[in-house]
1. Sketch the reach of a paramagnetic label on residue B:426 as a point 7 Å from Cα along Cα-to-Cβ, and name the residues of segment A:106-140 whose backbone nitrogen lies under 20 Å away.
2. Going by amide H atoms built from the backbone, whose H comes under 5 Å of the H on residue B:91, apart from near neighbours?
3. Cα axis of helix B:197-214 to longest principal axis of chain B: angle in degrees, 0 to 90, nearest 10?
4. Counting other Cβ atoms within 10 Å of each Cβ, which trypsin sites (Lys or Arg not before Pro) in segment B:84-169 have at most 14 and sit in a DSSP loop?
5. Can you give the angle from 0 to 90° between the axis of helix B:313-340 and the longest principal axis of chain B, with both taken from C-alpha atoms, to the nearest 10?
6. Using a 10 Å cut-off around each Cβ, can you sort B:453, B:256 from fewest to most neighbouring Cβ atoms?
7. Would you calculate a helix-derived [θ] at 222 nm for chain A, using -39,500 (n - 2.57) for each DSSP H run of n ≥ 4 and dividing by the full residue count, to the nearest 500?
8. Between segment A:157-174 and segment A:177-237, how many Å separate their Cα centres?
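Readers should treat all values here as calculations from the given coordinates under stated rules, not as data from a laboratory. In this text, all values refer to a predicted model and were calculated from it rather than measured experimentally. Here Cβ is always computed from backbone atoms with ideal geometry, including for glycine, and neighbour counts include all displayed protein chains.
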Amino acid sequence: MDVLANLNGGFPLLSFLIFFPLAGSLVLFVYPKETFAKYWTLAVTIITALMSLGLLFGFDRTSTKYQFAELHTWIPQFNINYVVGVDGISILLVILTTFIMPFCVLASWKYISKRVTAFMFCLLIMETSMVGVFVALDFILFYVLWEFMLIPMYLLIAIWGGPRKVYASIKFFLYTLAGSVLLLVAIIALYMKNGSFFIPDMMWNEYSMVFQVLVFLAFFLAFAIKVPMFPVHTWLPAAHVEAPTAGSVILASILLKMGTYGMLRFCLPITPDASLLLAPYILWLSIAGIIYGGFTALAQHDMKKLIAYSSVGHMGFVTLGIFVFNAQGIQGAIMQMINHGVTTGALFLCVGMIYERTHSRELRLATGVGKFMPWYVTFLVFFCLSSFGFPGTNSFIGEFLVLAGTFRENEILALAAIPGAVLAAAYMLRMLQKIVWGGTDNPDQSYLTDLNIREIVTLAPFLLFVFWIGLGPEPFMNLMDASVQQLVDQLGQWQQHQHVATLLLP
Amino acid sequence: MMAILPELVLLCGATFYFIVSLLPSPGVRLLRGSSIFIGLLVFASACLTYGQESTLFHNAYVVDNYTQMFKVLIGFALAVVMIFGVELRGIENSVRAEYSMFLYLSVLGLMMLVSSVELIAIFISLELSSFALYVMVPMRDDSTGTRTQMEAGIKYVLFGVMATGFMLFGMSYLFGLTGSTYLQDIIPALQGLGGQPAVVVSVIMILAGFFYKLAVFPMHFWVPDVYEGASNETTGFIATVPKLGAVALLIRLMTLPSGQPEFLVQFLGGVAVCSMFYGNLCALVQKDIKRMLGYSGISHAGFVVLGLLSLRAEGYGLAIYYIAGYVIMNLACFLVISALSQRGENLQIDDFNGLYKRQPVLAFILSVSLFALAGIPPFVGFMGKFFLLTSTLQQDHLIIVILAAINTAIAIYYYLSVVKAAYTTDSNDEQPAILVPPMTRITGLVLVVMIILMGTLPSKFVNFAGSLVQSIM
């Protein structure tokens with residue numbers, strides 16, 4: 001337990017971030033009035049977000065330990081504990097989660113008109129489980145929250161979704177659940193070897209190659225579906241398209257990150273040999289995802305679907321960065337995770353705003369709105385530029401680092417990824433051109449009203465982060481530096497150690 | 001006398017209904033009120049007698065913490081069934097008193113069963129509980145005119161008699177091998193016999209009798225038809241309470257040394273996996289909610305058997321935890337079914353369409369219990385499965401664990417389809433809101449709280465169950 005810094009010391013901030021939304025959701029049970037539910041949920045999510053800033057202030061950027069750690073016995077019979085802590089890999093994701101949530105509430109202010117209380121209830125328990133997943137250091141705690149999240153997300157899509165919500169929600173549920181049942185078996189198998197569910201105890205241990213490969217595959221299946229990686233991505237467009245705006249934002253900004261977070265947190269340190277062995281396949285799958293996502297996005301007429309497929313491409317960059325195993329790649333991957341959360345979240349909000357006005361997500365019906373909604377298209381332009389990694393915006397930093405890391409590893413691979421970046425520009429500019437200007441046969445858009453204050457307040461912070469990360473990424477990089485460096489160092493030592501072992505063996 | 005208070009209460013209750021049934025026209029209100037009252041009284045008396053220890057009836061009847069814990073569970077389940085089944089919509093008014101009498105006799109049989117430690121006593125109490133149930137199934141009123149309840153009753157009897165035959169045959173072997181009908185004498189005598197095949201055969205045959213009650217493959221054939229044919233309240237009872245008794249006795253019988261533990265473990269593993277696959281695959285295509293729950297019950301029984309095959313006290317404790325959780329989840333489901341079925345008719349899954357609009361509380365209870373049955377955390381169904389899988393993997397049965405995990409993924413589909421109907425599909429014609437009596441509503445929410453509490457803070461329950469099992473080994 002020496003990897004936990006400042007154990008049980010001070011205010012239990014992480015537990016607060018986990019349980020405060022849950023407690024807030026219970027209030028809605030007692031007092032389910034709709035207007036109250038909106039304001040209450042907004043208040044709870046804002047308080048959670050502000051409290052999460054405490055993580056930034058108290059975070060020791062030089063330490064590689066898990067900070068703000070808490071440890072409580074939970075199920076002693078099986079050595080399961082309630083252990084939480086953040087390190088450089090998870091801290092940004094936690095803060096991203098807590099900060100996205102108030103905007104999800106704001107985006108649903110008008111959009112959700114029926115069963116408002118239940119919707120807010122789902123959002124709050126969603127927040128609990130999402131924060132919990134990123135800070136859990138006990139595998140069972142992680143798994144419980146990871147699986148539990150399916151219920152509120154399923155309900156968000158299934159109740160408040162679009163016309164094909166039933167199909168989309170069931171597909172989402174079955175895919176993700178089927179992917180993670182073997183994860184549970186892998187977790188139990190690791191417990192058998194270690195006698196503990198404490199995640200850091202499982203890392204960097206000598207397991208046999210066969211064991212590692214099997215565990216890795218179980219991990220990978222669960223995480224790849226969540227990311228989603230190329231052949232198992234088909235649930236994503238369906239779920240994105242049918243989900244309400246807040247649901248799409250949560251899916252794109254946070255849920256997808258859990259897959260790549262899982263790869264970083266579990267695959268690399270727990271099964272390093274298998275990761276090294278299987279990395280080439282995963283890298284090429286990532287490339288396939290980048291190219292495939294780009295081409296498919298180019299052909300979409302539905303704005304949400306377009307952004308959904310672009311997510312497949314962008315997340316391909318993340319997995320690419322992770323599995324090149326160098327510091328630049330992994331830093332780029334984490335940055336890309338955050339950037340994708342900010343940019344794609346904002347794009348989904350933008351689409352939601354158009355949808356609230358035209359009641360359609362068809363690109364054809366949303367052409368030429370630039371004349372009537374100047375504020376709106378201003379925001380949209382910046383987010384689109386950010387989405388294809390225009391220099392000066394946030395995604396440029398992430399993609400550049402990933403590509404730089406990939407070049408160091410394998411030049412062919414990096415060259416293969418370049419068309420993806422070009423495709424991103426193509427499909428984003430196509431969408432932008434149509435929405436802002438359109439052509440000669442634009443539908444009559446004169447009834448459109450520009451953004452109101454609530455909507456501007458919703459989008460403005462995203463724009464701030466687009467430029468902040470794009471122009472001055474230093475503070476963000478500093479947060480993760482030590483942890484990433486340590487991960488890469490350990491991976492390097494492990495490789496050397498294995499190399500020496502094979503040399504010594506007769 | 002105090003030690004068998006719950007049994008006495010049940011006997012008095014049954015006698016009371018016997019007398020009422022002789023009256024020319026018993027008042028329905030009296031019957032309703034008294035059934036809830038007696039149900040709660042049984043539960044309370046079972047709680048009161050917890051902690052007592054004694055041996056009665058020439059050492060054939062034991063009262064200790066293990067038996068009393070099961071009696072508390074049985075009493076609790078009975079009280080819940082009584083509360084949500086108070087209207088007895090599927091039963092004609094003219095036979096209500098008789099129905100209640102048989103119900104209490106059946107529970108009496110189960111309570112005696114968990115206390116019996118002698119083969120003849122086990123047999124008699126098992127038959128008392130079974131025969132009462134055989135009569136209750138066809139008592140459903142014939143509103144559909146298809147008389148499916150008769151078919152169900154006959155199937156129940158025939159399969160039941162067959163299972164009993166197996167069990168008696170096995171018991172006769174045991175008696176022949178050891179010369180005693182007392183478990184306490186049989187166990188040491190069997191240890192002296194070593195690995196004789198006759199011992200394994202007799203143990204497996206006796207297990208078969210209880211597999212029938214628990215609905216484990218291959219003794220499951222009665223399940224779907226009986227579940228479908230019996231009235232909703234009766235099915236709610238059959239699906240829950242007898243399984244508690246069956247698990248209590250299975251654990252007791254697993255302490256019989258068979259001499260060939262290897263074979264027994266393989267046998268149980270095979271039975272468990274077959275149960276899971278058969279139950280889950282058949283449940284996928286069901287349209288009738290009760291049939292679906294019946295098949296899902298078969299697969300859950302497979303999980304309980306996983307707990308038995310560890311042949312260790314911890315595993316048995318987990319099996320108790322699992323079955324207790326299963327009973328609570330199932331009770332919650334049947335509570336919703338009984339409340340939704342306004343005339344006591346069978347419900348198709350389509351009938352749940354738009355339940356959220358008609359009665360949000362019921363939809364909430366239903367979805368929590370179904371997600372729990374499906375094994376989604378943080379509910380008790382997940383923790384039970386997780387513990388059983390862990391304990392099974394500790395015995396190095398990797399293949400069984402993987403197959404069981406795959407079954408979890410199969411099962412989610414059919415549970416989800418009901419949740420989907422309740423929350424997302426709107427019924428075509430505007431159906432009226434459902435009125436739920438406050439008592440049923442509160443009971444349902446209590447069950448939900450128990451499902452969540454047992455799932456999130458399981459360590460006390462598991463410890464407790466483990467220590468009880470330790471005490472009888």
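1. Zone members listed by number: A:110-120.
2. B:141
3. 10 degrees
4. Values: sites: B:89, B:96, B:140, B:147, B:155; in loops: B:89, B:147.
Listed in order of number, the matching sites are B:147.
5. 20 degrees
6. Numbers: B:453 15, B:256 19.
Result, fewest neighbours first: B:453, B:256.
7. Numbers: 20 runs with 366 residues, N = 506.
After summing the helix terms and dividing by the residues of chain A, the value is -24500 deg cm²/dmol.
8. With segment A:157-174 and segment A:177-237 each reduced to a Cα centre, they are spaced 26 Å.
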